[in-house]
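Structure, as structure tokens:
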Amino acid sequence: MDAFTTLTAVAVPFDFVNVDTDRIIPARFLHKPRGPEYASLLFHDVRFDEDGHERADFILNQPAFRSARILVANDNFGCGSSREHAVWSLAAYGIRAVIAPSFGDIFFNNCFKVGVLPVVVAPETGVALRRQLHAMPGATVTVDLETQFVTAPDGTVIPFAVDPFRRRGLLRGQDEIALTLEHAPAIAAFERRRLAEEPWLTR
Amino acid sequence: MTPAPRTLFEKIWSRHVVTEGAGEVSLLYVDRLLMHDGAVHTFDRLRKAGRAIRRPGAIGATADHYVPTAGARVAIADAEVRGMVEAMGRHAAELGIPYFPPGDARQGIVHVMGPEQGFTLPGITLVCGDSHTATHGAFGCLAFGIGSSELEHVLATSCLWQQKPRAMRIHVAGAPPPGVSAKDVILAIIARISAAGGTGHVIEYAGPAIAAMSMEERMTVCNMSIEAGARAGMVAPDQRTYAFLEGRPFAPAGARWEEAVAFWQTLPTDDNAAFDAEVAFDASALAPTVTWGTSPQEALPITGRVPDPADSPDPARRAAVERMLAYMGLAANTPLTAIRIDRVFVGSCTNSRLEDLRSAAAVVRGRRVVVPAWAVPGSGLIKQAAEAEGLDRVFREAGFEWREPGCSMCIGMNGDIARPGERVASTSNRNFEGRQGKGVRTHLMSPAMAAAAAVTGRLTDVRALVREGA
């Protein structure tokens with residue numbers, strides 16, 4: 001997994017509420033193993049028209065936002081299906097941080113596994129950020145995981161919370177399975193006890 | 001001193017914590033893992049990383065997402081996709097994992113198969129690479145969907161690092177009136193608490209309406225917890241739970257069964273246990289419910305009208321309603337019963353079990369569909385049981401296609417899709433843009449309501465239809 005420490009980049013405002021993972025990547029593409037081609041699948045059906053041409057009205061297709069690496073989204077971003085492919089396509093496209101008032105739970109967890117930082121901000125902070133980005137297309141935002149601050153285009157500094165375990169994992173780009181396997185003896189002992197207590201679970 | 005009263009969720013959670021991580025994250029032990037054909041790349045990723053599967057005995061597998069459901073079990077056209085289903089079979093054989101491939105009567109939608117086989121049990125933690133894993137919580141277990149990295153993690157370690165969710169109780173009082181099903185109850189709940197209302201929570205459904213539900217109905221309710229943003233849904237195990245599970249192939253038997261039931265009886269939430277959030281809901285005032293928009297929260301009684309964006313004081317909400325109306329091709333204030341449909345789908349992990357098929361069949365019996373309509377049983381065993389009571393004949397005589405088990409038109413990745421612009425009356429769980437095919441418009445509803453739409457060609461109040469026909 002790619003580490004995430006700090007990122008200053010163009011941020012794109014995304015105003016829709018309840019953006020589901022089907023919209024982020026339609027189901028018909030999910031049989032592909034993870035790879036760079038996921039970049040072209042991001043938001044596919046709203047980003048491209050029937051003939052595969054970019055839709056001019058889709059915000060990521062507008063010149064000022066083409067190089068965006070931060071997405072500032074609205075409530076319940078990434079709701080719906082558990083498909084990690086949604087995060088793969090964001091990451092492949094180059095989006096490494098998503099800022100929103102709330103996220104779909106599974107999407108939120110998946111982000112940390114892929115090296116994309118989801119940042120939860122207060123609803124009014126989200127509104128203010130998106131307003132600035134609309135007013136100053138192509139403006140940059142800084143997301144600093146070390147200090148846990150977002151810096152808005154107007155210089156406002158916004159603190160954010162992130163679970164320390166997940167923060168450390170992202171900062172180090174940690175292989176989580178390797179970390180967990182360090183607990184192998186504890187897991188084995190736990191399992192023995194558990195199967196003794198609920199022996200009907202043994203198959 | 002007596003121990004503090006605890007919730008069903010708390011009892012299960014605390015029995016599965018292996019160790020605490022930094023912050024709020026715990027290492028949670030996973031008892032059982034269900035796999036489907038869509039998750040097969042995970043095996044390759046693990047192999048590439050040189051990692052072993054820690055406990056194959058915890059795994060059960062089937063093929064559902066990519067499996068065609070056309071009559072004679074046609075081969076999968078796309079070689080890449082066909083390869084995925086074949087690979088699932090190979091991996092399962094190598095690992096000694098029970099696997100039910102197409103053609104095996106036990107094959108079916110993974111969330112139908114798990115309970116049917118007794119793989120799903122009270123008190124356990126169960127995960128699957130699919131958000132509708134919440135379904136299994138109907139049995140009083142903690143079941144939730146995970147992404148593929150988490151799946152890889154569970155396969156390698158039997159555990160997951162998890163932030164402890166908060167507990168919400170939704171107390172459902174009253175008896176749903178005739179014509180109102182578990183699907184209507186959960187659609188109305190989501191409309192009330194919103195698509196993000198359960199975010200960060202596990203929902204326990206409780207109260208007389210839930211206690212009176214069959215296991216199949218409880219599964220329908222828990223299944224859609226994710227559509228309210230919740231990680232999982234749960235119902236306390238009771239005699240119905242035990243009666244459903246007893247004798248199932250993977251359920252405990254003999255003395256072990258008695259021992260298990262005795263333990264499971266300790267699981268229900270204690271009196272006076274505290275929840276982080278409580279919602280009170282009354283099922284007795286409900287009407288059959290349908291969605292009009294592109295989020296499951298956009299549900300209304302069938303007696304209602306399509307919302308008018310002008311009625312929303314909040315500009316963001318107004319814009320959202322306008323966008324949904326545009327996608328759905330609907331005009332504000334249209335009576336819901338005036339909406340014409342092009343196609344009907346009865347199936348999915350939400351509503352493909354025997355009771356669902358019975359309920360749809362009862363409506364179409366002696367009538368004719370006026371649009372293409374499919375009935376897709378949730379598993380081969382359900383298909384057999386339905387055929388044994390003649391439901392296949394009822395559906396076929398009414399003009400329905402009676403198909404093979406699978407996720408089918410719920411998910412738009414196996415060839416079962418509608419055409420752009422088509423409007424589908426569907427018993428599935430998601431009405432997202434493009435969910436049933438690019439540009440397809442989905443209205444979610446119960447099996448009886450979908451059946452009523454099939455015979456009239458428009459969204460229809462099944463209560464009126466049944467009265468007319470009587």
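Just so you know, all these numbers are worked out from the coordinates, no wet-lab data involved. From a predicted model like this one, the values you see are computed outputs, not experimental measurements. Cβ: placed from backbone, ideal geometry, glycine included. Neighbour counts: every protein chain shown.
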Out of the DSSP beta bridges found with both residues in chain A, what percent are antiparallel (nearest 5)? 50
Rounded to the nearest 500 deg cm²/dmol, what is the calculated helix-only ellipticity per residue at 222 nm for chain A, with -39500 (n - 2.57) per DSSP H run of length n ≥ 4? -9500 deg cm²/dmol
Count, for each residue of A:14-27, the Cβ atoms from other chains sitting within 10 Å of its Cβ, then give me the mean as a whole number. 6
Could you give me the ³J(HN,Hα) list for the stretch B:353-359, computed from phi with Karplus coefficients 6.51, -1.76, 1.60 and θ = phi - 60°, whole Hz, x at Gly and Pro? 8, 3, 4, 5, 5, 4, 5
In the neighborhood of B:TYR205, defined by Cβ-to-Cβ distances under 9 Å, what is the net charge if each Lys or Arg adds +1 and each Asp or Glu adds -1? +1
For A:ARG168 and A:ARG66 in the same chain, what is the full-extension length gain: residue separation times 0.36 nm, less their Cα-Cα distance, in nm? 33.7 nm
Is the C-alpha gyration tensor of the stretch B:289-469 telling us rounded, prolate or oblate? Criteria: a/c under 1.5 is rounded; beyond that, a/b larger than b/c is prolate, otherwise oblate. prolate
Could you give the longest part of chain B that holds none of the trypsin sites (Lys or Arg not before Pro) found in DSSP loops with at most 14 neighbouring Cβ atoms within 10 Å? B:74-367
Chymotrypsin sites (Phe, Trp or Tyr not before Pro) within the stretch A:5-114: which are DSSP loop residues with at most 15 other Cβ atoms inside 10 Å? A:PHE58
Please report the relative contact order for chain B, taking Cα pairs under 8 Å with a sequence separation of at least 6, and give it as a percent rounded to a whole number. 17
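Please identify the longest segment of chain A free of exposed GluC sites (Glu not before Pro), where exposed means a DSSP state other than H, G, I, E or B and no more than 16 other Cβ atoms within 10 Å.
Segment A:51-145 is the longest.
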Give me the distance between the Cα centres of the stretch B:202-234 and the stretch B:252-322, rounded to whole Å. 7
Please identify every one of the GluC sites (Glu not before Pro) in the stretch B:227-270 that sits in a loop by DSSP and has no more than 14 other beta carbons within 10 Å of its own beta carbon. B:GLU246
Gaussian network model of chain A, springs between alpha carbon atoms under 10 Å - residue of A:ARG47, A:ARG23, A:ARG192 with greatest fluctuation: A:ARG192
Could you tell me whether the stretch A:106-203 comes out rounded, prolate or oblate from its Cα gyration tensor? Rule is a ≥ b ≥ c as square roots of the eigenvalues, rounded for a/c under 1.5, then prolate if a/b exceeds b/c, otherwise oblate. prolate
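Per-residue ellipticity at 222 nm for chain B, helices alone: DSSP H runs ≥ 4 residues times -39500 (n - 2.57), over residue total, nearest 500 deg cm²/dmol?
When only DSSP H runs of four or more count, the value is -9000 deg cm²/dmol.
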Between the alpha carbon centres of the stretch B:143-199 and the stretch B:406-470 the gap in Å comes to 22
7 Å from Cα along Cα→Cβ at both A:PHE48 and B:GLU94: what's the point-to-point distance in nm? 3.3
Estimated FRET transfer efficiency (B:ARG340, B:ALA310; beta-carbon r; R0 25 Å; 0.05): 0.55
List the residues, sorted by chain then number, that are 5 or more residues from B:GLY304 or on another chain and whose placed amide H is less than 5 Å from its amide H. B:LEU336
Of A:LEU71, A:LEU179, A:LEU170, which has the largest mean-square fluctuation in a 10 Å C-alpha GNM of chain A? A:LEU179
What nm value, rounded to one decimal, do you get for the distance between B:ASN333 and B:ALA175 when each label is placed 7 Å out toward the C-beta? 4.0
Estimated FRET transfer efficiency when R0 is 41 angstrom, pair B:SER14-B:SER284 (beta carbons, to 0.05): 0.70
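Only bridges whose two residues both fall in the stretch B:289-469 count here: according to DSSP, what percent of them are antiparallel, nearest 5?
30
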Would you please give the residues with an amide H less than 5 Å from that of B:MET35, counting only those at least 5 places away or on a separate chain, with H modeled from the backbone geometry? B:GLY60, B:ALA61, B:THR62
What does the net charge come to around B:TRP161 if you take all other residues with beta carbon closer than 15 Å to its beta carbon, with K and R at +1 and D and E at -1? -2
Candidates A:ASP175, A:ASP75, A:ASP51, ranked by Gaussian network fluctuation over chain A, Cα under 10 Å, top entry: A:ASP51
Kindly state, to the nearest 0.05, the FRET efficiency for B:GLU24 paired with B:ASP78, given R0 = 51 Å and r defined as their beta-carbon distance. 0.75
Charge context of B:PHE281, other residues only, Cβ under 14 angstrom, K/R +1, D/E -1: -2
Cα shape, the stretch A:6-172, gyration tensor, a/c 1.5 rule: oblate
